[in-house]
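Once you've had a glance at the structure underneath, I'll fire off some questions.
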Amino acid sequence: MSLIQEIDYGTPRSKSEAMVTLTIDGNSITVPEGTSIMRAAMEAGTQIPKLCRTDMVDAFGSCRLCLIEIEGRAGTPASCTTPAMNGLVVHTQTERLKKLRKGVMELYISDHPLDCLTCAANGDCELQDMAGAVGLRDVRYGYEGENHVFAKADGCTNDNWMPKDESNPYFTYDPSKCIVCSRCVRACEEVQGTFALTISGRGFDSRVSPGMSESFLGSECVSCGACVQACPTATLTEKSVIEIGQPEHCVVTTCAYCGVGCTFKAEMRGEEVVRMVPYKDGKANRGHSCVKGRFAWGYTTHKERILKPMIREDIADPWREVSWDEAFGFAAAKFRGIQQKYGRDAVGGITSSRCTNEETYLVQKLIRGGFGNNNVDTCARVCHSPTGYGLSQTFGTSAGTQDFDSVDHTDVVMIIGANPASAHPVFASRLKKRLRQGAKLIVLDPRRTEMVEGPHMKALHLPLMPGTNVAMLTALAHVIVTEGLVDETFVRERCDWSEFEEWATFVALPKNSPESTAIMTGVDPKDLREAARLFATGGNGAIYYGLGVTEHSQGSTTVIAIANLAMATGNIGRSGVGVNPLRGQNNVQGSCDMGSFPHELPGYRHISGDAVRDQFEAMWNVKLNPEPGLRIPNMFDAAIEGTFMGIYVQGEDILQSDPNTKHVVAALSSMECVIVHDLFLNETANYAHVFLPGSTFLEKDGTFTNAERRIQRVRKVMTPRNGLADWEVTIRLARAMGYDMHYDHPSQIMDEIAALTPTFAGVSYAKLEELGSVQWPCNEKAPEGTPVMHIGGFVRGKGKFIVTEYIPTDERTGPRYPLLLTTGRILSQYNVGAQTRRTENVVWHAEDLLEIHPHDAEQRGIRDGDWVRLKSRAGETTLRAEITDRVAPGVVYTTFHHPDTQANVITTEFSDWATNCPEYKVTAVQISPSNGPSEWQKAYDEQARHSRRIAPAEAAE
Amino acid sequence: MRIEFSGRPVRAVQVGGPLGAYFPRALFDTPFDYEAFAARDGLIGHGGIVVFDDSVDMAKQARFAMEFCAVESCGKCTPCRIGSTRGVETIDKMISGERVTENLAVVEDLCNTMKFGSLCALGGFTPYPVLSALKHFREDFGPAPATLQAAE
């Protein structure tokens, strides 16, 4: 498709239901009350000249170009700030207006460079467009007056001139081209919510200022790109546009980073991506983006990307580049050999939560149909598997209940164990917008995250001790039950009453009161009571939670407790409420949906169920094993035992992201054939025998399912640099292993999925083209998908209340390990950093730092920036310290984006009782000063270097 | 209260503050009334009266109006933010005799843009002193254009 020029209506859409009718240039038009005349005219097909407005932000009325005449009203009001009213008769083009608009443009151009032909915005500049639209022919003021354009005037330095700011790696700020329309400032305020920009100075001196007239990189700017999108001139432009030029066609696709699943237009010249621009019609992001999706897609062409298949007999050997067929043959022979020697269950695989639904489906099909066992698992094991368990027990489905738009109707938001500002930034911006409109926020987190305090935002922060989630949530429930704040009508109608009564009796026990639990949680009972009352009585209450809930030994219990709270307060089944797990990866929801768990077929149906299995056996033409297979932690244990010897890992770095690194190393070293299918030589590849180069989201067709259960298209924009799309790789690997799967295009794979899975029955590429996206369930009962679930009734029938007894984790602090380590993410890097470390984002976060409270640091003689040793019962590592009071005394925090940090050497083997989700969030540690990297880190680094060698190709004779 | 008189004849009066119109002696019979002043392109404003004797240079007064606007401008709207600075520059050109007729037209157009295009009354009223000075005290704004010589 050619370049999609999305219509900019000038001002945001009005949500009113009442309509008004007015006449514009002789045409009658009816619009919702509250619509500006400018937008009404645009909808009627008339473009009123405009510069300072865009429908991303509210009207401002500063450029004075959009003036109109209204019969019966004096003067020439601005159409952007004048609301449409019944009976108005508007004229958009008269002699008076023509003269005024020319006058305004003449003033603009008198202070603007005239280098259109060599300017980066040539062809995409609204100033150019408006000068043409109003018929500007002459700037009679000349160019010798005061200006911001020339660095020197008559040999003297021009004090008004500022040089270009090129500090941000992705875009430049050129003050000489700025027309002070302040669209960037408003975008940073209204869309992003960071408030990093302002206009400094006054009158003619007005200039856009990041922070306190700092550089963009030095200011609070988070590089989301909203200002660049909003800027009508070349003042804020992407560096890639400056280098390459204007794009000529675009393809709408979905971002491959986090679970928000922003829709982007990939703007291209041929097969080169010029830039990624957020798509206004994206239902998850509504035209906004974050630094990662918007700018950090350069890893696709990074020099470290592996483009040829490689094999080796022994991990101590260098890699040998081979053809695809040789690689497939080698892998297939190894796997067959392993199965013959050790048994059918000695091999397995891990699906990727970053690859498409179709690709994940094929991997589990290969394992079930080709290998003949159910040893398949996915990274959701280590993040949201408790969500799956907890919500399916209480509600009947293991996914979030709302869409992101729901936050616009929420009155009280409770965030538990999540930091959307870092991990789901576009959602955080929408949430912050709602908070600025008056909604309230409660944050349960050991750390004072960016969600607790921000511009125009203050949360009720309950800083609990890591590991005490269940005690906290039960205490909140205690307040709600004992103070009579339960929504009894809802509970009687929608839930099992006797189960509720049992639960209510339990939470009402004195030991579960805020006062009694305070000793464990560390939270002031007064604040806790206030939070509970606010949530129960403040209107629509919604809970958003993340890995601070699930990555605990009581992760599933906590999810159940959350569900209990939502049910008790009647906050399910409509817009503005709900239980919302913030799924991390771009397709982890999809990966789970596609049957990546060892005990479930696609659609979350147990493998032992005969009826379902028969269906699959018929479609796949193969007998299936009814025994559930190994979960990832079990795979490692079995490998060390000697019974699990071959693994096919697609798009996941288990060595960097799974806990207890030494255990993973032992497991991988024990295996006879490790196949890694990925973009780069990641940590797992250090122990691999076969490397299959993968393709990026820009190089394949497919679908991703985001945290809202929304299935969105991923569209190919360039030929895969490695030669094959990932789904093609899996098919050919399967064929080499003797299991034939034939598909010409991923749409056929989706058709098969739809045929076998009731919740997906209505999904097809044709439907996705038509509707843009659908949220499952999408079938006869809901042909256009299901934005909000459990309306009227829970999927399982009646909502189930389950008693949640607090059992502290076995990971206890003690004299040798007196501090508690918890982990998290940062905005600019993504998870293990495989992609983001290979982009310019490293400028923001070049290493992981350990956050430590000043009190704890002082006791140990640690200064800011010192190397410290972080030691737990599992292992130790070294990293630099950052002293901050964002963490409480007794708690330390780090991120895990860089492999040399080896953060997972520290994390333990403890995991959730129901799902084995590792307890990353609670590790007892001791911190002490250090001289440098630990022995383990040095040895690891050495092994990694050795393992990454690629043998040069043999010279031809 | 002591009032200092210069002893010289009155030349102009400005009613309503720095953005009020300048009235010449010929208009001194205007009733002190909103509509009456508006009918003669003046305004009551804050009701204050400033009296000027014949040593006043009305070109400098017009320039001052533009300069005042530029100094006080908030910068939000284009007509005032850029227009006031350009207004000062253009009046300066007229005072120095540079292409007076053309620049007069430019100033008049600029005043029209500012009067009807500005977001608020700062830019909106600056044209009052400027246009009234140009209308009633044209002789202060640089030499009158030379009459064209008839071709021989």
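A short reminder: the numbers here are calculations on the coordinates, not readings from a lab. Keep in mind the model is a prediction, meaning the values are calculated, not measured. All Cβ positions, even for glycine, are placed from backbone atoms using ideal geometry, and neighbour counts span all protein chains on display.
Based on other C-beta atoms within 10 Å, arrange B:Phe23, B:Phe32 from fewest to most.
Ordered from fewest to most neighbouring Cβ atoms within 10 Å, B:Phe23, B:Phe32 come out as B:Phe32, B:Phe23.
Quick check on packing: order A:144-154, A:440-450 by the mean number of other C-beta atoms within 10 Å, highest mean leading.
Ranked by mean Cβ neighbours within 10 Å, highest first: A:440-450, A:144-154.
Another question about this same structure. Under the classification rounded if a/c is under 1.5, otherwise prolate if a/b is larger than b/c and oblate if not, where does segment A:512-567 fall, given a ≥ b ≥ c as square roots of the Cα gyration tensor eigenvalues?
Oblate.
Of all DSSP beta bridges in the protein assembly as shown, what percent run antiparallel (nearest 5)? Numbers along the way, then the final one.
Numbers: 75 of 121 bridges.
Expressed as a percentage, antiparallel bridges in the protein assembly as shown total about 60.
Hey, another quick one. Give me A:Trp867, A:Trp297 sorted ascending by neighbouring Cβ count inside 10 Å, so fewest comes first.
Listing A:Trp867, A:Trp297 from fewest to most nearby Cβ atoms yields A:Trp867, A:Trp297.
Counting helices only, and only those DSSP H runs with n ≥ 4, report the 222 nm mean residue ellipticity of the protein assembly as shown as the sum of -39,500 (n - 2.57) divided by its residues, in deg cm²/dmol to the nearest 500.
-8500 deg cm²/dmol
Helix check for chain B. Which DSSP H runs span at least 15 Å along their own axis by Cα, with a mean Kyte-Doolittle hydropathy no less than -1.0? Present the calculation step by step, with values, prior to reporting the outcome.
Details: long enough: B:58-72 (21 Å, 0.29); B:83-95 (18 Å, -0.25); B:100-117 (24 Å, 0.33).
Counting only whole DSSP H runs, the qualifying helices are B:58-72, B:83-95, B:100-117.
While we're looking at this one, here's another question. With a ≥ b ≥ c taken as the square roots of the eigenvalues of the C-alpha gyration tensor of chain A, please select rounded if a/c is under 1.5 and otherwise prolate if a/b is larger than b/c or oblate if it is not?
prolate
Taking a ≥ b ≥ c as the square roots of the Cα gyration tensor eigenvalues, with a/c under 1.5 meaning rounded and otherwise prolate when a/b beats b/c, else oblate, which class fits chain B? Display every interim value, and only then the final one.
Details: a/c = 1.72, a/b = 1.14, b/c = 1.51.
Oblate.
Can you list residues whose amide H is under 5 Å from A:Arg275's amide H, if they're 5+ apart or on another chain and H is modeled 1.01 Å from N?
A:Glu267
A follow-up question, please. Here are some pairs, A:Lys280/A:Lys700; A:Lys308/A:Lys716; A:Lys303/A:Lys700; A:Lys152/B:Lys135; A:Lys623/A:Lys662; which of them have Cα atoms lying more than 26 Å apart in this structure? Intermediate results must be reported in sequence, preceding the final value.
Values: A:Lys280/A:Lys700 23 Å; A:Lys308/A:Lys716 20 Å; A:Lys303/A:Lys700 20 Å; A:Lys152/B:Lys135 38 Å; A:Lys623/A:Lys662 37 Å.
Cα-Cα > 26 Å for A:Lys152/B:Lys135; A:Lys623/A:Lys662; rest within.
Which far-off residues, 5 or more places away or on another chain, put their amide H under 5 Å from the one on A:Asn158, with H placed in the peptide plane?
A:Lys152, A:Ala153
Tell me the net charge near A:Phe644. Cut-off is 13 Å between Cβ atoms, A:Phe644 excluded, with +1 for each Lys or Arg and -1 for each Asp or Glu.
Values: positive: A:Lys341, A:Arg344, A:Arg631; negative: A:Asp345, A:Asp377, A:Asp637, A:Glu641, A:Glu672.
Summing Lys and Arg as +1 and Asp and Glu as -1 gives -2.
Okay, next question. Which GluC sites (Glu not before Pro) in segment A:759-837 pass both tests, a DSSP loop state and at most 12 other beta-carbon atoms within 10 Å?
Passing sites in segment A:759-837 are A:Glu780, A:Glu784, A:Glu805.
Still on this structure, please answer the following. Once you list every other residue whose beta carbon is under 15 Å from the beta carbon of A:Ala881, what net charge do they have if Lys and Arg are +1 and Asp and Glu are -1?
Its environment carries a net charge of -4.
Continuing with this model, one more query. What's the average, rounded to a whole number, of partner chain beta-carbon atoms within 10 Å of each residue's beta-carbon in A:137-144?
Mean shielding by partner chains, rounded to a whole number: 4.
Compare the Cα positions of A:Gly438, A:Gly555, A:Gly541 along the charge dipole of segment A:438-588 (+1 at Cβ of Lys, Arg; -1 at Cβ of Asp, Glu; about the Cα centre) and return the one farthest towards the positive end.
Comparing the listed Cα positions along the dipole, A:Gly438 ranks first.
Taking amide H atoms as placed 1.01 Å from N in the peptide plane, list the residues 5 or more away in sequence, or in a different chain, whose amide H sits under 5 Å from that of B:Tyr22.
Excluding prolines and chain starts, which carry no amide H, the hits are B:Ser132, B:Ala133.
Could you compute the FRET efficiency for B:Glu108 and A:Asp25, with r as their C-beta to C-beta distance and R0 at 22 Å, rounded to 0.05?
0.15
Length gain on complete extension for the stretch A:Ser669 to A:Cys116, per 0.36 nm per residue less the alpha carbon to alpha carbon distance? Can you show the working numbers first?
Numbers: separation 553, 0.36 × 553 = 199.08 nm, distance 6.11 nm.
Fully extending the segment from A:Ser669 to A:Cys116 adds 193.0 nm.
Angle, helix A:610-620 long axis vs. longest principal axis of chain A, Cα atoms, 0 to 90°, nearest 10?
So the helix axis and the longest Cα principal axis differ by about 70 degrees.
Further, regarding this structure: Given a Förster radius of 60 Å and the C-beta distance between A:Met212 and A:His742 as r, what FRET efficiency does 1/(1 + (r/R0)^6) yield to the nearest 0.05?
Efficiency for this residue pair is about 0.45.
Select from A:Phe691, A:Leu681, A:Ala707 the residue farthest towards the positive end of the dipole of segment A:678-733; place +1 on Cβ of Lys and Arg, -1 on Cβ of Asp and Glu, and compute about the Cα centre.
Going by the Cα projections, it comes out as A:Ala707.
Compute the distance from the alpha-carbon center of segment A:156-186 to that of segment A:715-777, in whole Å.
Computed from Cα coordinates, the inter-centre distance equals 46 Å.
How high is the relative contact order of segment B:2-152, in percent, counting Cα pairs under 8 Å that sit 6 or more residues apart?
Numbers: 220 pairs, mean separation 40.4, N = 151.
Normalised by residue count, the contact order of segment B:2-152 is 27 percent.
Here's another thing I want to ask about it. Using a cut-off of 10 Å between beta-carbons, work out the net charge of the residues near A:Gly145 (Lys and Arg +1, Asp and Glu -1, A:Gly145 not included).
Surrounding charge for A:Gly145 is -3.
Moving to a separate point now. Using Cα pairs closer than 8 Å and at least 6 residues apart in sequence, work out the relative contact order for segment B:42-91, in percent. Working shown, then result.
On the way: 23 pairs, mean separation 17.5, N = 50.
Relative contact order of segment B:42-91: 35 percent.
Across segment A:258-264, in residue order, what do the Karplus-derived ³J(HN,Hα) couplings come to in whole Hz, using 6.51 cos²θ - 1.76 cosθ + 1.60 with θ = phi - 60° and x for Gly and Pro?
Karplus-based 3J(HN,Hα) across segment A:258-264 equals 9, x, 6, x, 5, 8, 10 Hz.
Related question: Give the relative contact order (percent, whole number) for chain A; include only Cα pairs under 8 Å separated by 6+ residues. Working shown, then result.
Values: 2185 pairs, mean separation 123.4, N = 957.
Normalised by residue count, the contact order of chain A is 13 percent.
If you count, for every residue in B:82-95, the Cβ atoms of partner chains within 10 Å of its Cβ, what is the mean?
Per residue, the number of nearby Cβ atoms from other chains is 5 on average.
Using a Förster distance of 41 Å, how high is the FRET efficiency between A:Gln47 and A:Ala74, based on the Cβ-Cβ distance and rounded to 0.05?
Plugging the Cβ-Cβ distance into 1/(1 + (r/R0)^6) gives 0.95.
Would you tell me the mean number of C-beta atoms belonging to other protein chains that fall within 10 Å of each C-beta in B:110-123, as a whole number?
Mean partner shielding for this stretch: 4.
Distance between Cα centroids, segment A:856-887 to segment A:637-654: provide it in whole Å.
Result: 33 Å between the Cα centres.
Angle, helix A:95-109 long axis vs. longest principal axis of chain A, Cα atoms, 0 to 90°, nearest 10?
Taking the Cα atoms of chain A, the angle to A:95-109 is about 60 degrees.
Please state the charge dipole magnitude for the protein assembly as shown, taken about the Cα centre, from unit charges on C-beta atoms (+1 on K and R, -1 on D and E), reported in debye and rounded to the nearest 20.
Dipole size: approximately 760 debye.
At a 10 Å Cβ-Cβ cut-off, how would you order A:Ser79, B:Ser118, fewest neighbours first?
Numbers: A:Ser79 31, B:Ser118 25.
Lowest count first: B:Ser118, A:Ser79.
How far apart, in nm, are two points set 7 Å out from the Cα along the Cα-to-Cβ line at A:Asn621 and at A:Tyr143?
A separation of 7.2 nm, rounded to one decimal place.
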